[in-house]
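Please read the structure below before turning to the comments.
The values are calculated or read from the model by the stated rules, or taken from the named source; none is laboratory data. What you are looking at is a predicted structure, and each value in this text was computed from that prediction instead of being measured. Cβ placement follows ideal geometry from the backbone for every residue including glycine, while neighbour counts extend to all protein chains displayed. Each accessible area value is taken on the protein alone, full model and side chains, heavy atoms only, with ligands, DNA and RNA left out. Shrake-Rupley method; radii C 1.70, N 1.55, O 1.52, S 1.80 Å.
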Amino acid sequence: MNLKIVLLNVTPDSNRGSCALTWASLELVFKAFPGASVAIVPIAVTPPDAAPFRHTVRRYPNVEILRPLFDGEGKPPVALLCRLAGKLAEILRFDRERMNRNPTLEWIRTSDLAVSVGGVTFETSGGTLRDDARFVVRLLPLLAAQKIDVLSVLIGAHVGPFKTWWGGGVFRRIAAKAAAAFPRDRVSEAEVRRRVAHRRSILTPDSALALEFARVGARALFDGRGLDAQAATLALVISSALRPDEPGDAHVALFVRVARRLAESGLATQIVVVIQCDEDRAISLELARSLQLDPRFLIDDDLDPGQLANLYGACRLVVSSRLHAVMLTLLAGTPAISLAPEVTFKEHAVLELLGLESLCVPTRMGPDRAAEICLDIASEEERHRRAVVIAVAEARTRLQEVPHHLREVVRERATDRVPVGGAP
């Protein structure tokens, strides 16, 4: 079935966790529809990225990269709201039967299937007008697809919380029109079913776990930096996305406390800090300085998800406040501790679905208690390693059902469009 498919609301590769979700969505789509023509519609990013899909283009050279539907670079808030209103008016005029001068809208217009990928967050947690506006900006491509009745599905969505009636209402409309939703945790699934009695809401593990990588290259990375590939290495991946009441220096201090306890215990003999998302560079540098690490122990090599998974797999343990550093580590069969800043519910919810919630350590516990729990986990490395291997295998088995469901919703749409007793 040679379909034309568009992936919507895709985050650039500068966030390698989101890049992994993009790759996973592409893998699921191509397994469902071999030979399909696929394009990506990015979210608007300020400032714009010089090479937004540098890793994805190498892995999927035949996937077309379209322009975002919204660009907020260099504009004050009032001007941005006016531009957003204009973009919404353009979508209201969007017509399936009429060619569009905007190349992105034209691709959407001629698509058979629109897939909203896992990096999209359906929430307005701040409860302000700015949160509502950002929510709408993220959803512009999906709203355009649904406006002209392009078949749409939601894969791996994080849903809620909605602290404004507007956000909840917009999501209700989107979920009701989607042919299928694949929430990645029970909290999101409950929110989908609460907002819409959706006939096809299928709970699945985080889609990144559908990826498989050849285990090569980590030794060369260690050797090239003069690091010991045989050492019991602790990798730290720190996030700059924190709760309003958790300052960056407090989060750094927490990581320092955990790392030093693990080093003092002898469970870690080498510590590296890995920058997985470009926006985390400043806080990662601060963490490396606080640990008094030599520059060669700061890994800022713009590694793609496969390279990161291999790096994490060569470590004894990974401690991260980035969810998808945890996911990539699990893919490599290595235990990872989610030192979760609880910005949203997603870390615990995603790991709970895998049966690995014991690897989630909330930062609200404080440095001493968090360090004790991390030490306990590291002390039982082999038990956790076995649990990780089993959980990932089960997750992949469940994710193998997603291509089947995608084919099913497309087949149903094709059947619905065939007149009874007549030809299509």
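Taking every alpha-carbon pair in region 40-94 and binning the separations at 5 Å intervals from zero gives 4, 17, 21, 21, 15, 11, 8, 3 percent.
Checking [x] 21.9, 76; [y] 22.0, 65; [z] 22.7, 69 against the coordinates, the calculated Rg and Dmax of the Cα atoms in Å falls under label [x].
Think of region 23-97 as a dipole: +1 on every Lys or Arg Cβ, -1 on every Asp or Glu Cβ, centred on the Cα centre; then among Pro48, Ala36, Trp23, Trp23 lies furthest on the positive end.
Compute the distance from the alpha-carbon center of region 381-413 to that of region 80-125, in whole Å. Using only Cα atoms to place each centre, the spacing works out to 30 Å. For the chain, a simple Cβ point-charge model (Lys and Arg +1, Asp and Glu -1, everything else neutral) yields a dipole of about 1360 debye relative to the Cα centre.
In the chain, taking the dipole from charged Cβ atoms about the Cα centre, the farthest positive-side position among Ile299, Gln400, Leu262 is held by Gln400.
Short to long, the 10 Å bins of the Cα pair-distance histogram for region 229-371 hold 12, 47, 37, 4 percent of all pairs. Students often get this wrong, so check it: of Lys31/Lys147; Lys31/Lys346; Lys4/Lys147; Lys75/Lys346; Lys4/Lys31; Lys4/Lys177, which have C-alpha atoms separated by over 25 Å? Correct reply: Lys31/Lys147; Lys31/Lys346; Lys75/Lys346.
Once you've got the GNM for the chain with C-alpha springs shorter than 10 Å, pick whichever of Pro141, Pro205, Pro362 has the biggest mean-square fluctuation. Comparing Pro141, Pro205, Pro362 in a Gaussian network model of the chain, the most mobile one is Pro362. Per residue, the accessible area of the chain comes to 42 Å² when a 1.4 Å probe rolls over the protein heavy atoms.
Note on Asn102 and Arg257: with the Förster distance fixed at 56 Å, the Cβ-Cβ geometry gives a FRET efficiency of about 0.65.
What net charge do the residues around Glu264 carry, taking every other residue with its C-beta under 13 Å from that of Glu264, with Lys and Arg at +1 and Asp and Glu at -1?
On the way: positive: Arg257, Arg260, Arg261; negative: Glu372.
Result for the local shell: +2.
Measuring between their Cα centroids, region 264-341 and region 1-69 lie 25 Å from each other.
With a cut-off of 17 Å, note down the residues of region 119-162 whose backbone N falls inside the zone around a label point 7 Å from the Cα of Ala79 toward its beta carbon. The answer is none. Let me test this: with uniform point scatterers at the alpha carbons of region 285-353, what is the Debye-based log₁₀ I(q)/I(0) at q = 0.15 1/Å? Calculated log10 I(q)/I(0) at the listed q: -0.55.
Report, in debye and to the nearest 20, how large the dipole of region 237-391 comes out about its Cα centre when Lys and Arg carry +1 and Asp and Glu carry -1 on their Cβ.
Details: 15 positive and 23 negative charges, 67 e Å.
In total the dipole reaches around 320 debye.
In nm, what is the difference between 0.36 nm times the number of residues separating Ala51 and Asp376 and their Cα-Cα distance?
Gain on stretching Ala51 to Asp376: 112.8 nm.
Considering only protein heavy atoms and a 1.4 Å probe, what is the carbon-and-sulfur percentage of the accessible area of region 1-69? C and S fraction of accessible area: 53 percent.
The string of couplings for region 237-250 from the Karplus curve (6.51, -1.76, 1.60, θ = phi - 60°) is 10, 9, 9, 8, 8, 10, 5, x, 9, 10, x, x, 5, 5 Hz, one whole number per residue in order, with x for Gly and Pro. Summing charges over neighbours of Arg225, with a neighbour being any other residue whose Cβ is under 14 Å away from its Cβ, gives -3 when K and R count +1 and D and E count -1.
Once Rg and the Kirkwood radius are both taken over the C-alpha atoms of region 1-113, their ratio Rg/Rh works out to 0.99. Adding -39500 (n - 2.57) for every DSSP H run of four residues or longer, then dividing by how many residues the chain holds, sets the calculated 222 nm ellipticity at -14500 deg cm²/dmol. Count Lys and Arg as plus one, Asp and Glu as minus one, and take only other residues whose Cβ is under 13 Å from that of Glu352; the net charge is then -2.
Each distinct pair of alpha carbons in region 125-283 adds a 1/r term; the inverse of their mean, the Kirkwood radius, is 19.5 Å. With R₀ fixed at 22 Å, the C-beta to C-beta distance from Glu352 to Ala393 puts the FRET efficiency at about 0.80. Were the residues from Arg364 through Arg186 laid out at 0.36 nm apart, the gain over their Cα-Cα distance would be 61.8 nm. Taking the Cα centre of region 136-233 as origin and assigning +1 to Lys and Arg Cβ atoms and -1 to Asp and Glu Cβ atoms, the resulting dipole is close to 600 debye. The residue list Val63, Ala157, Leu81 was ranked by how far each Cα lies along the charge dipole of region 22-163 toward its positive end, using unit charges on Cβ atoms, and Leu81 comes out on top.
Per-residue extension of 0.36 nm, minus the Cα-Cα distance of Arg173 and Ser265, leaves a gain of 27.8 nm for this segment.
Calculated FRET efficiency, Leu285 to Arg411, Cβ-Cβ distance, R0 = 51 Å: about 0.50 to the nearest 0.05.
Each 10 Å bin, from zero up to the one with the longest distance, holds this percent of the alpha carbon pairs of region 92-164: 19, 43, 29, 8.
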